[in-house]
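Read the structure below first, then the notes.
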Amino acid sequence: MAALGDLERNVMDLLWDHEHPVTASEVRDDLAGGGSEKTLAVTTVLTVLSRLEKKGLVTRERQTRPHLYRTTATREEHTVKLMEDALGTASDREAVLVRFAGAISEGDAAALRRILDNRSANLEAAAK
């Protein structure tokens, strides 16, 4: 999955925060409202949205004018894909998982333990 620049990441965060599709002007206005020192041109926002669309992260509803944009996946789904991509590049997946488990907080480790325990229980129940 292609890496995101700062502006692309900010646009994605705004799109994820909206429950409905938004226009490029709405994105620009939201970016300006976030404490940005200068307001971006709509053409700049359209360029960023076009790049995100080419990366498969955003879809554009062309039936309306102005076009409406929405993400193709939730923030969580996107994060999972990034993690899967990173793990997929490892020659020793187990070593990466060991290092990851050692680097996360106790709270995250406890949450992961609960998730894996529930997964095991569900797999056992399905096997019966």
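We did not get these values from a lab; they are worked out from the coordinates using the rules stated. Quick caveat, the model's predicted, so the values are computed rather than measured. Heads up, the Cβs are rebuilt from the backbone with ideal geometry, glycines too, and the neighbour counts pull from every protein chain shown.
Given a Förster distance of 30 Å, report the FRET efficiency between Arg114 and Glu84 from their Cβ-Cβ distance, rounded to the nearest 0.05.
Working: r = 21 Å, r/R0 = 0.70.
Rounded to the nearest 0.05, the efficiency is 0.90.
For each of Ser50, Ser105, count neighbouring Cβ atoms within 10 Å of the residue's Cβ, then give the residues from fewest to most. Mind dumping the intermediate values first?
Values: Ser50 14, Ser105 8.
Arranged by neighbour count, lowest to highest, Ser50, Ser105 become Ser105, Ser50.
How far, in nm, would the chain grow between Val98 and Thr43 when pulled straight, counting 0.36 nm per residue and subtracting the alpha carbon separation? Walk me through the intermediate numbers first.
Details: separation 55, 0.36 × 55 = 19.80 nm, distance 4.53 nm.
Contour length minus Cα-Cα distance gives 15.3 nm.
Once the other residues with Cβ under 15 Å from the Cβ of Ser50 are scored (Lys, Arg +1; Asp, Glu -1), what is the net sum?
Working: positive: Arg28, Arg51, Lys54, Lys55, Arg60, Arg62, Arg70; negative: Glu8, Glu53, Glu61.
Taking every other residue near Ser50 into account, the sum is +4.
Build a GNM of the chain with springs between Cα atoms under 10 Å: which of Gly107, Gly33, Gly56 gets the top mean-square fluctuation? Per the Cα network of the chain with a 10 Å cutoff, Gly107 tops the list.
Relative to 2.2 N^0.38 Å, what does the C-alpha radius of gyration of segment 1-125 come to as a ratio? Two decimals please. Write down the numbers at each step before the final one.
On the way: Rg = 18.8 Å, N = 125, 2.2 N^0.38 = 13.8 Å.
That ratio works out to 1.36.
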